[in-house]
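The values are calculated or read from the model by the stated rules, or taken from the named source; none is laboratory data. These numbers come from a predicted model, not from an experiment. As a convention, Cβ positions derive from the backbone with ideal geometry for all residues, glycine included, and neighbour counts pool all protein chains shown.
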Amino acid sequence: MPAITNHMPTEELQRIDAAHHMHPFTTGDELSAKGARVITRAKGVYLTDSEGIEILDAMAGLWCVNIGYGRDELADVAARQMKELPYYNTFFQTTHVPVIALSQKLAELAPGDLNHIFYAGSGSEANDTNLRMVRTYWAQKGKPDKNVVIARWNGYHGSSMGSGSLGGMVGIHSQGGLPIPNIHHIPQPHWWAEGGDMSPEDFGLARAQELEKAILELGEDRVAAFIAEPVQGAGGVIVPPATYWPEIQRICDKYGVLLIADEVICGFGRTGNWFGSQTMDIRPDIMTVAKGLSSGYIPIGGSIVSDEVAKVINACEFNHGYTYSGHPVAAAVALENLRIIEEENIIGHVRDVVAPYLKEKWEALTDHPLVGEARIVGMMGSIALTPNKATRAAFASEAGTVGYMCRERCFANALVMRHVGDRMIISPPLVITPAEVDILIERARKSLDETYEAVMAKGLMQAAA
Ligand SMILES: *Cc1c(COP(=O)(O)O)cnc(C)c1O
């Protein structure tokens, strides 16, 4: 089959893009001035741009292309499903085979009694569902005032009104009237940046106990749920100290607060288990899923709900749903993606082969003069850039200045590595091989070297006061 090639020169594509396409989380004018990079093809862990340059995608798109690019099986399933039943809804006492099969599979894969799935088109939508579901749950149980959801500063749960409110991103809250009422944020377990003189273990406990403090302040009868990512992704791949999650679980149990694990990144193998909740040994009442559920090949998200929560919700009419909840093509593609992950033992590949290999290479980056700490769980990792490793100092320059410089060097060196402030993050496709990890690390080191040179030349190796 011939490739779908460009019809126009890159510059022309960029010009039209700038004229008509509004990019998410982007300053449009700045991007228009330099022109967006046009990605035309992808295979395995590599993207190809319109100039024919191959780029190693160490972010798996947006943390989602778990099985890698270019798997024909997913395209074939989508085509077959579109011909057989391209669309039907599940609102009107109807259902269809792909959604039945996917639900059974997710119930089997999800831990404990998480056996019921409410579908959405994305992670944001699924978290909006969760917000309404936990409040409805308590209202059904005669506690309509138990409606506050506690979340974390610098958590990410999406960018719709509900999910953006659950998230703790100041940039999102600053536009459009967020957060909506009855969302309460507590500080994150980010030891490197906020741990001060405490040991990581003590700090992890202290930050978990912020949840207890908030529950006691608000009143146990007001708090419906706590939502968090097992490992914060968009916040900078922040791996909590080992003491954090056990204490959170204890507190949720003690006060009857539902635990929502946002598994949109951590789910489907990213941390070396099917779900991050298994890696962190927690028992959520609801898990949010999206991204890796379809390896990003098609939009789909959902809430995987416990027997107890489903029992209460199913006893009433839950006035909620999306036109594309349980879309048959998306469900069929997701199911095929799960088949590939399972039959090809991709999680075993992560756990036993490539995550240990990547961990060793990644942690060795701390020998670089710019790199403070290196953290990694499974296939999500981060490094902190710092002007002073001993004091864990931030740069005197505006947060993100050095991180952005490093990201630009990576892009120039054919590596997609993102920055969050002055942290560099990776989340490569799970199918990456050790040989490809070597290339990733080689390009990352080269980019760090070039960044360091530029930082020195510009006199930016200065600690914030
Ligand atoms: C990406 C993400 C979301 C939002 O998913 P969308 O599909 O972009 O709406 C929610 N939670 C987490 C943890 C995410 O990383």
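Which condition number in (1) in contact with a strand residue (DSSP E or B) (Cβ under 6 Å, 6 or more places away or on another chain); (2) not in a loop (DSSP other than H, G, I, E, B) is the one that HIS157 fails? Checking HIS157 against (1) in contact with a strand residue (DSSP E or B) (Cβ under 6 Å, 6 or more places away or on another chain); (2) not in a loop (DSSP other than H, G, I, E, B), the one that fails is (2).
Residues in region 204-222 that are surrounded by 13 or more Cβ atoms within 10 Å (Cβ to Cβ) and small (Gly, Ala, Ser): GLY204, ALA206, ALA208, ALA214.
Scanning region 310-356 for residues that are surrounded by fewer than 17 Cβ atoms within 10 Å (Cβ to Cβ) and over 25 Å from THR129 (Cα atoms) yields ARG339, GLU342, GLU343, GLU344, ASN345, GLY348, ASP352, VAL353, PRO356. A single member of VAL309, VAL329, VAL353 is outside any loop (DSSP other than H, G, I, E, B), out of contact with any Pro (no Cβ under 8 Å at 6 or more places or on another chain) and β-branched (Val, Ile, Thr), and it is VAL309. Annotation: GLU210 fulfils all but one of (1) within 13 Å of the ligand (Cβ to nearest atom); (2) under 24 Å from ARG392 (Cα atoms); (3) among the acidic types (Asp, Glu); the unmet one is (1).
Of the residues making up region 272-289, one or more are within 16 Å of the ligand (Cβ to nearest atom), of a type outside the set (A, V, I, L, M, F, W, C), touching a residue at least 60 places away in the same chain (Cβ under 8 Å) and outside any helix (DSSP H, G or I). All of LEU131, LEU74 fail the test of being within 27 Å of the chain's Cα centre (by Cα) and more than 19 Å from SER294 (Cα to Cα), apart from LEU131.
Within region 247-261, not a single residue is surrounded by 21 or more Cβ atoms within 10 Å (Cβ to Cβ), within 16 Å of the ligand (Cβ to nearest atom) and assigned to a loop (DSSP other than H, G, I, E, B). Of GLY61, GLY52, GLY44, GLY28, all but one fail to be among the small types (Gly, Ala, Ser) and either assigned by TED's automatic domain parsing to the domain that holds HIS116 or over 24 Å from the mean Cα position of the chain (by Cα) (or both); the exception is GLY52.
Does region 231-243 contain at least one residue that is buried (at least 19 other Cβ atoms within 10 Å of the Cβ), within 28 Å of GLU125 (Cβ to Cβ) and away from the ligand (no atom under 16 Å from the Cβ)? No, because not a single residue in region 231-243 is buried (at least 19 other Cβ atoms within 10 Å of the Cβ), within 28 Å of GLU125 (Cβ to Cβ) and away from the ligand (no atom under 16 Å from the Cβ). Condition check: in contact (Cβ under 8 Å) with a residue 60 or more places away in the chain, over 16 Å from LEU131 (Cα atoms) and more than 15 Å from the ligand (Cβ to nearest atom). Does ASP307 satisfy that? Answer is yes for this residue. The helices (runs of 4 or more DSSP H) found wholly in region 47-132 and carrying at least 2 residues that are in contact with a Ser or Thr (Cβ under 8 Å, 6 or more places away or on another chain) and within 16 Å of the ligand (Cβ to nearest atom) occupy 60-63. When region 290-302 is limited to residues that are of a type outside the set (Val, Ile, Thr) and in a loop (DSSP other than H, G, I, E, B), the one that is nearest to the ligand (Cβ to nearest atom) turns out to be ALA290. Can you name the residue in region 160-186 that is surrounded by 15 or more Cβ atoms within 10 Å (Cβ to Cβ) and assigned to a helix (DSSP H, G or I) and is also nearest to the ligand (Cβ to nearest atom) among such residues? The extreme case among them is SER163.
Residues that are farther than 23 Å from ALA457 by Cα and in contact with a helix residue (DSSP H, G or I) (Cβ under 6 Å, 6 or more places away or on another chain) number at least 2 in none of the strands (runs of 3 or more DSSP E) confined to region 375-445.
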